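**Student:** Please find one structure pasted underneath; my questions will follow.
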Amino acid sequence: MRLKEIQRTAHQAWSPAGHHPIYLALGTSAQQLDASFNTTAAIEIFEMDFADPSLEMQLKGSLPTTNRLHSIVWVNFGAGEDGTGGRLVGGSENGTLTVYNPEAIISSGAEAVVGQSDKHTGPVRALDFNPFQNNLLASGANDSEIYIWDLNNFSSPMTPGAKTQPVEDISVVSWNRQVQHIMASATPSGKAVVWDLRKNEPIIKISDHSNRMHCSGLLWHPDVATQLVLASEDDRLPVIQMWDLRFATSPLKVLENHKRGILSISWSQADSELLLSSAKDNRILCWNPNTGEVIYELPTTNQWCFDVQWCPRNPALLSTASFDGRITVYSVMGGSLKAQQQSTADMISSSFDTMDPFGTGQVLPPLQVPQPSVRDTIIPPLKKPPKWVRRLVGASFGFGGKLITFENPKLPPVQSPQPVPRQVFVSQVTTETEFLQRSRELQVTLQSGSFNNYCQAKIQNSKSDAEQDIWKFLLVNFEDEARIKFLKLLGFSKDDLERKISKCLGKNFQSNGHGVDAKDLAEKMQRLTTERSDEASADVRTSGSISPADFFSHTPKDNSTFQIPVSC
C-alpha cells in the first residue's frame, strides 16, 4: 500500500534503526534528467509523518551540492545517545566521496560537510557500511577500485587487496552480516569476489557459466554467513541467483519470475524470508528466498524502479525510486485507501478560492466534491505474516489449573523438505499444594466411606479447641448411640439426668437401664384406670337427672387456677 510520495529524481537512504523520527535522505541522481533539463543537485532530508493520511512528506532540511550522486548511505557513526544524527555519505559522478552531518543539514548549519575525498578516479556507484563497526565504509568505482574508509581518519583509505584482473567497474559492494572482516564486490560482467580483510586478498570468486549474468545487485544473507544473492540486469537472464560458498560451483537456487532484467534488490534485516526486487518489467516483487515463491507484488506505475530499500526502523516499510521522478514509500501490511481518497478530495477543494472569480464580490457556496460510490479500496497484506509480527512464545490458562504454551522453534537457515514440527504443551499448574492435598484426602474418604478415621485425623490435627469440637460433633454422626454421645458433648450425663428426675418425683432412684421404677409405674397406671371408671359411672348417673336446658347452670363454679410447677 502506498503511504507517501514525492516528485524527486534521486537516490535514497533511510535513517538508522535507532533514529526517531524516521527520516529519508534523498540525493539528486546522476545520469538522469527531468523534463526541465535542470542540472542542479541537492541533498534533502524528509520526515515520515504517518499520522498524516496525505501522501506529502515534510521537508526538514536541504543542502545544495556541486555534484550529483550515484549512491548514498546513512551511517550510524557519530550518533548521539538518543540515536539521532549519524553521517550521510554520498558517492558522486566525478569520483568524490563526501561525508555530511545530517543534523547540520536539518538546522541549516554551516558545518554540514564533515569530510571529502577524491581518491576514486571514476563515479562511485557502490557504497556500504560495516554493520559491526559503523566507522568502516566500503566504496567501489571504476577500474576495480575498492577502498575501505575509516570515518575517524577519512584521509587515508585502505584497499582489501590487489585489483582484480581484468579491471572492471565495481557495481556493488556488500559487507557480510555475520562475519565483520568479510566483504564482497561484484562487477557488471557477473563476477563476484569475496574478500578477507584480515588477509588483504580475495578468498573466492563466483561467476555464472552462462556469461550472461550482468550483475546489478549483491546481498549477503541476513542469517547465514556463507550465502549471498546476485541479481542479473540482462534481459536474457532476468533471475536472482542464491549462492552458498560451501559449494560455489553452481547456484543453490534460482528465483525466476521477472520478464526483464532486474535493477535493484533489498533483503529485509528483520525477516530473512523477505527479499525485494525491482526490474525493467515495471514490477516490484517480494520473494521468500527459501521457497522461491513470490509472496507479494506491489501495485506500481508503468515506470522502471531503479532503487528499492527496506526501512531499518519500521520493517513493514519500503521505499522505491523510479525513473519518472517519484520517490514512493509503501507498506507490505496492506490497509485502506479511504483516508487518502478523502485527503485528495480535501486538497482539491482547498485549491479553489471561495470568492467569486468574476469580480461580482459574492461569496461562492462551498465546493461540493462528488463522493465516489465505489466501495472502500482495501490493499491486501503479505500472503504470510512476517517474522516481526509472529509470536515467539505464547501461553493461556484454562480451567482446572491447565496451562497451554507454545513456542516457535528457530527454523534452520536452509529450508528443509520436511516440515518443522511445532508443538503445543499442556501442563498442570499447582499453586495451593496443601489445599489440593486436603482435597485429594476428602475424595479418597468419600469413595472409601471411612469417615471415622478421617474425622479422628482432623481432631488430632486441629489447631484450636473450637475446631476440635466441630470435628467431634461430625464424628458422632458416624458412630453408634449418636443421641447419647451428642448429650455428652453438650455437657449432659444420662445418669445425672435420671437421678435429678427421680429426686424431683420423690422416688428412690433405681437404675434399671431406663431410669423409671417399674412397680411405681404399675401402681400409678392401676390408680389412673380406677379413677377413669368411677368418673364415667358418675357421668352416666347425672346425665339422666339433669335436663339439657339446665346443663350450663350446673357447671362447676369453683375453678382453682391451674399452675405449672417450675423448678430445676
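The values are calculated or read from the model by the stated rules, or taken from the named source; none is laboratory data. In this text, all values refer to a predicted model and were calculated from it rather than measured experimentally. Glycine gets a Cβ as well: all are built from the backbone with ideal geometry, and neighbour counts include every protein chain shown. Ligands, DNA and RNA are excluded from the accessible area calculation, which covers all protein heavy atoms including side chains. Shrake-Rupley method; radii C 1.70, N 1.55, O 1.52, S 1.80 Å.
**Student:** Output the number of residues of segment 15-30 satisfying the condition of being open to solvent by less than 10 Å² (accessible area, probe 1.4 Å) and assigned to a strand (DSSP E or B).
**Tutor:** Count: 5.
**Student:** On the basis of being open to solvent by less than 60 Å² (accessible area, probe 1.4 Å), out of contact with any strand residue (DSSP E or B) (no Cβ under 7 Å at 6 or more places or on another chain) and in contact (Cβ under 8 Å) with a residue 24 or more places away in the chain, does SER92 make the cut? Please lay out each step first, then the result.
**Tutor:** Numbers: open to solvent by less than 60 Å² (accessible area, probe 1.4 Å): yes; out of contact with any strand residue (DSSP E or B) (no Cβ under 7 Å at 6 or more places or on another chain): no; in contact (Cβ under 8 Å) with a residue 24 or more places away in the chain: yes.
No.
**Student:** Within segment 278-286, is there a residue that is in contact with an Asp or Glu (Cβ under 8 Å, 6 or more places away or on another chain) and in contact (Cβ under 8 Å) with a residue 60 or more places away in the chain?
**Tutor:** Here is the first cut: in segment 278-286, the residues in contact with an Asp or Glu (Cβ under 8 Å, 6 or more places away or on another chain) are 278, 280, 283-286.
Still in the list and also in contact (Cβ under 8 Å) with a residue 60 or more places away in the chain: 286.
Yes, some residue in segment 278-286 is in contact with an Asp or Glu (Cβ under 8 Å, 6 or more places away or on another chain) and in contact (Cβ under 8 Å) with a residue 60 or more places away in the chain.
**Student:** Here are the criteria: (1) of a type outside the set (Gly, Ala, Ser); (2) in contact with a strand residue (DSSP E or B) (Cβ under 7 Å, 6 or more places away or on another chain); (3) surrounded by fewer than 21 Cβ atoms within 10 Å (Cβ to Cβ); (4) over 23 Å from ASN38 (Cα atoms). Tell me which single one ASP118 does not satisfy.
**Tutor:** Failed condition: (2).
**Student:** Looking at segment 97-111, I want the residues that are of a type in the set (S, T, N, Q) and have a partner that is assigned to a loop (DSSP other than H, G, I, E, B) and open to solvent by 80 Å² or more (accessible area, probe 1.4 Å) with Cβ atoms under 9 Å, at least 6 apart or on another chain. Which pairs are those?
**Tutor:** ASN101/GLU111
**Student:** Moving on. May I ask you to say which residue of GLN165, GLN133 is more than 40 Å from the chain's Cα centre (by Cα) and not acidic (Asp, Glu)?
**Tutor:** Exactly one residue qualifies, and that residue is GLN165.
**Student:** Further, regarding this structure: Taking the criterion of being in contact with a helix residue (DSSP H, G or I) (Cβ under 9 Å, 6 or more places away or on another chain) and open to solvent by less than 70 Å² (accessible area, probe 1.4 Å), would at least one residue in segment 204-222 satisfy it?
**Tutor:** First, pick out the residues of segment 204-222 that are in contact with a helix residue (DSSP H, G or I) (Cβ under 9 Å, 6 or more places away or on another chain): 204, 206.
Add one more test, that the residue is open to solvent by less than 70 Å² (accessible area, probe 1.4 Å), and what stays is 204, 206.
Yes, there is a match, as at least one residue in segment 204-222 is in contact with a helix residue (DSSP H, G or I) (Cβ under 9 Å, 6 or more places away or on another chain) and open to solvent by less than 70 Å² (accessible area, probe 1.4 Å).
**Student:** Only one residue in ASN135, ASN200 is of a type in the set (S, T, N, Q), farther than 23 Å from ILE262 by Cβ and open to solvent by less than 50 Å² (accessible area, probe 1.4 Å). Which one?
**Tutor:** Values: ASN200 fails: open to solvent by less than 50 Å² (accessible area, probe 1.4 Å).
Sole residue among the options that is of a type in the set (S, T, N, Q), farther than 23 Å from ILE262 by Cβ and open to solvent by less than 50 Å² (accessible area, probe 1.4 Å): ASN135.
**Student:** Would you mind finding the one in THR39, THR84 that is farther than 23 Å from TRP310 by Cα and among the β-branched types (Val, Ile, Thr)?
**Tutor:** On the way: THR84 fails: farther than 23 Å from TRP310 by Cα.
Testing whether each residue is farther than 23 Å from TRP310 by Cα and among the β-branched types (Val, Ile, Thr) leaves just THR39.
Yes or no, residue by residue, for (1) under 53 Å from the mean Cα position of the chain (by Cα); (2) surrounded by 10 or more Cβ atoms within 10 Å (Cβ to Cβ):
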position	(1), (2)
ARG422	yes, no
VAL429	yes, yes
GLU434	yes, no
VAL476	no, yes
ILE484	no, yes
LYS488	no, yes
LYS494	no, yes
SER502	no, yes
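**Student:** Would you list the strands (runs of 3 or more DSSP E) that sit entirely within segment 67-110 and hold 3 or more residues that are modelled with pLDDT under 90?
**Tutor:** On the way: elements: 69-79, 85-92, 97-100.
Filter on segment 67-110 gives 69-79.
**Student:** As an exercise: evaluate SER54 against (1) in contact with a helix residue (DSSP H, G or I) (Cβ under 6 Å, 6 or more places away or on another chain); (2) of a type in the set (Ser, Thr, Tyr); (3) under 18 Å from ALA79 (Cα atoms) and give the number of the one condition it does not meet.
**Tutor:** (3) is the only condition that SER54 fails.
**Student:** I'd like the full set of residues that are surrounded by 22 or more Cβ atoms within 10 Å (Cβ to Cβ) and assigned to a loop (DSSP other than H, G, I, E, B), limited to segment 169-186.
**Tutor:** ILE170
**Student:** Right, LEU228: at pLDDT 90 or above and either over 33 Å from the mean Cα position of the chain (by Cα) or under 20 Å from LEU318 (Cβ atoms) (or both) or not? Even if it seems obvious, please write down each step before you answer.
**Tutor:** On the way: at pLDDT 90 or above: yes; either over 33 Å from the mean Cα position of the chain (by Cα) or under 20 Å from LEU318 (Cβ atoms) (or both): no.
Spelling it out, it is not the case that LEU228 is at pLDDT 90 or above and either over 33 Å from the mean Cα position of the chain (by Cα) or under 20 Å from LEU318 (Cβ atoms) (or both).
**Student:** Cβ contacts < 7 Å: first residue at negative phi and open to solvent by 50 Å² or more (accessible area, probe 1.4 Å), restricted to segment 447-469; second residue part of a helix (DSSP H, G or I) and polar (S, T, N, Q), any location; separation 6+ or different chain. Result?
**Tutor:** PHE451/THR445
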